Amino acid sequence: MNVVREDLNSTSAILRVSIAPLDYETQVSNALEKARKQAKNPGFRPGHVPLALIKKQFGKGILIEEINKSVSNALTTYFTNNKVEILGNPIPYEKEEVKGDFNNPSNFEFAFEIGLAPEIKIDATLKEAYNYVKVNIDTKLIDQQVDDLRRRYGKLVASDKVGATDMILAQFTELNIDGSVKENGVLHSSTISMEFVENANAKKELTGKKVGDLLTVNPSDVSKGGKDTAAMLGLKEEDLADISDKFEMKINEIRHMELAELNQELFDKLFGEGIVSSEQELKDRVKEDLDKMFAQDSDRLLTREVYERLVEKTAIELPSDFLKRWIKASNEKAISMEEIEAQFEGYEKSMKWQLIQGHIFKANDIKVDQKEALEFTKGLLVNQYAQYGIPAPEDKELTSSAIQVLTNKEESARVYDMLAETKLTEYFKSTVKLSDKVVSYDEFIEIANGKNK
């Protein structure tokens, strides 16, 4: 076998693989003999079917299969010996046909197009300064978290008038433009949480109302719109276009959340018996938990910022035309070139990031092995148990559960991606120049949502 390379440009090349009979005859003969031993043809004992009959029935298919194997091995050997890194997989070169005749086999030549992996240079970007954004965990934030915990274990009690955090049980009746009840209109009972009413005028109008009061509202003003409005009125979202924007709202009940008392019973429910025994210890524990939670969020923001800069500033020349053809050829479902063109910008960005991440891992010998993945998965499971206030099981049971998670292909891929991102974050934190930037919780949310950098 012989492989000859011809560069088309700086990003793609043609590989011509020449195969002579000596390269495939033995494999074909062995495959035919194996087929003969396994064949069950009427009139012949198993394993004694004449070879000529086997050749007639399966010869061409076996020849093609064995030559394909030989070609694949030749390409793999070429890439390994010549240290050629490619993108995607080789695809048949569309401008040349296979040279050779499968009906009269002799010498063959196959031409494949390959996309060449570009050189990656990222040192300059990793030497830049980055903000490490932290949340200022002040007394206000701690008190809000304590109230949330108390609310989680509180109870709903009847109230005589609507307050800022109350829940309203109301009946909605669709009206005509003149305010009369619409015949065969919507009539539905639902609940509204005052905390989630964003329309200032609607919130003001509802505040202080009592059971039995009637008021006219626009449903979208007392909901989040779209699916939420439809659910409140007992409709499908597509039906909203056909209804009035004027409804009578009758308040049937008002429920107020009575916060759980700050006592030992609550402390034990939250953290286990005897772990926390005073309000100050509760606040200290809340601050500690918030520190851990926001540290993970700060890490994610840093990784996102470094990622965005690397993708933006790293000059990478991709074999775009080749990649489009490769996507079309390798896609399981039929896809048009127009569809590929429409999605290609996002694909290119993803490809650039994969190349950058692969370069970082290879250059710094960063690896993700099975043992690490198992321990990481166990940690994820422990956190899940903690979220529901359930103690983690013994290590043997925990390990068994983690193994079960990793046997699921999708879950395993998710775990390995998370672990890889964790390692990448650790690398960034130890490599780039970091400056702490302490912000309020609201500012942190804006930054996380991309509204403020």
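The values are calculated or read from the model by the stated rules, or taken from the named source; none is laboratory data. Predicted model, so just to flag it, every value in this text is computed and none were measured. In this analysis, Cβ positions are derived from the backbone assuming ideal geometry, glycine residues included, and neighbour counts consider all displayed protein chains.
Matching residues to (1) over 30 Å from Thr125 (Cα atoms); (2) assigned by TED's automatic domain parsing to the domain that holds Thr207; (3) out of contact with any Leu (no Cβ under 9 Å at 6 or more places or on another chain):
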site: Asp245; (1), (2), (3): yes, yes, yes
site: Phe271; (1), (2), (3): yes, no, no
site: Arg304; (1), (2), (3): no, no, yes
site: Tyr307; (1), (2), (3): no, no, no
site: Ile316; (1), (2), (3): no, no, no
site: Ser320; (1), (2), (3): no, no, yes
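Scanning segment 206-214 turns up no residue that is under 30 Å from Asp289 (Cβ atoms) and either under 34 Å from the mean Cα position of the chain (by Cα) or of a type in the set (A, V, I, L, M, F, W, C) (or both).
Can you name every residue in segment 158-184 that is of a type in the set (A, V, I, L, M, F, W, C) and over 30 Å from Asp289 (Cα atoms)? Of everything in segment 158-184, those that are of a type in the set (A, V, I, L, M, F, W, C) and over 30 Å from Asp289 (Cα atoms) turn out to be Ala158, Val162, Ile168, Leu169, Ala170, Phe172, Leu175, Ile177, Val181.
Of all the listed residues (Phe267, Phe196), the sole one being buried (at least 17 other Cβ atoms within 10 Å of the Cβ), without any contact (Cβ under 8 Å) to a residue 60 or more places away in the chain and closer than 23 Å to Arg151 by Cβ is Phe267.
Among the residues of segment 5-23, which ones are surrounded by 15 or more Cβ atoms within 10 Å (Cβ to Cβ) and either touching a residue at least 60 places away in the same chain (Cβ under 8 Å) or on the phi > 0 side of the Ramachandran plot (or both)? Leu8, Thr11, Ser12, Ala13, Ile14, Leu15, Arg16, Val17, Ser18, Ile19 - these are the residues of segment 5-23 that are surrounded by 15 or more Cβ atoms within 10 Å (Cβ to Cβ) and either touching a residue at least 60 places away in the same chain (Cβ under 8 Å) or on the phi > 0 side of the Ramachandran plot (or both). Count of segment 222-264 residues, restricted to those that are crowded, with 18+ Cβ neighbours inside 10 Å and free of Cβ contacts under 8 Å to residues at least 24 places away in the same chain, is 2. Summed over segment 379-389, the residues that are in a helix (DSSP H, G or I) and over 20 Å from the mean Cα position of the chain (by Cα) give a count of 4. Pairs only if they're at least six apart or on different chains, beta carbon under 8 angstrom, first in segment 175-192 and within 27 Å of Ile254 (Cβ to Cβ), second among the charged types (D, E, K, R) and part of a loop (DSSP other than H, G, I, E, B); list them, first residue then second. Qualifying pairs under 8 Å: Leu175/Lys182; Leu175/Lys246; Gly179/Lys246. Name the residues in segment 387-417 that are of a type outside the set (Val, Ile, Thr) and surrounded by 13 or more Cβ atoms within 10 Å (Cβ to Cβ), would you? Residues satisfying the conditions are Ala392, Pro393, Leu398, Ser401, Ala402, Leu406, Glu411, Ser412, Arg414, Tyr416. Restricted to segment 344-372, and to residues there that are β-branched (Val, Ile, Thr) and not in a helix (DSSP H, G or I), the residue that is surrounded by the fewest Cβ atoms within 10 Å (Cβ to Cβ) is Ile366. The number of residues in segment 320-353 that are touching an Asp or Glu at 6+ places or on another chain (Cβ under 9 Å) and of a type outside the set (D, E, K, R) comes to 4.
Does Lys423 count as over 30 Å from Ala315 (Cα atoms) and either basic (Lys, Arg) or touching a residue at least 60 places away in the same chain (Cβ under 8 Å) (or both)? So Lys423 fails the test.
Identify all residues within segment 89-116 that are over 33 Å from the mean Cα position of the chain (by Cα) and of a type in the set (A, V, I, L, M, F, W, C); write none if there are none. Quick ask: steps written out before the conclusion?
Filtering segment 89-116 for residues over 33 Å from the mean Cα position of the chain (by Cα) gives 93-112.
Correct list: Val98, Phe102, Phe108, Phe110, Ala111, Phe112.
Checked against (1) among the hydrophobic types (A, V, I, L, M, F, W, C); (2) in contact with a Phe, Trp or Tyr (Cβ under 6 Å, 6 or more places away or on another chain); (3) under 28 Å from Phe271 (Cβ atoms), Leu419 meets all criteria but (3). When Ala164 is tested against the conditions (1) out of contact with any Asp or Glu (no Cβ under 7 Å at 6 or more places or on another chain); (2) at pLDDT below 95; (3) more than 30 Å from Ser278 (Cβ to Cβ), the lone failure is (3).
Among all positions in segment 297-306, there is no residue which is farther than 19 Å from Val432 by Cβ and assigned to a helix (DSSP H, G or I).
Being in a helix (DSSP H, G or I) and at pLDDT below 95: is that true of Ala392 here? For Ala392, the condition - in a helix (DSSP H, G or I) and at pLDDT below 95 - is not met.
The set of residues from segment 400-417 being within 16 Å of the chain's Cα centre (by Cα), assigned to a helix (DSSP H, G or I) and not basic (Lys, Arg) comprises Glu410, Glu411, Ser412, Ala413, Val415, Tyr416, Asp417.
Taking segment 322-340 as the range and being part of a helix (DSSP H, G or I), out of contact with any Gly (no Cβ under 7 Å at 6 or more places or on another chain), under 15 Å from Gly88 (Cβ atoms) and of a type in the set (A, V, I, L, M, F, W, C) as the test, the residues that pass are Ile327, Ala329, Ile340.
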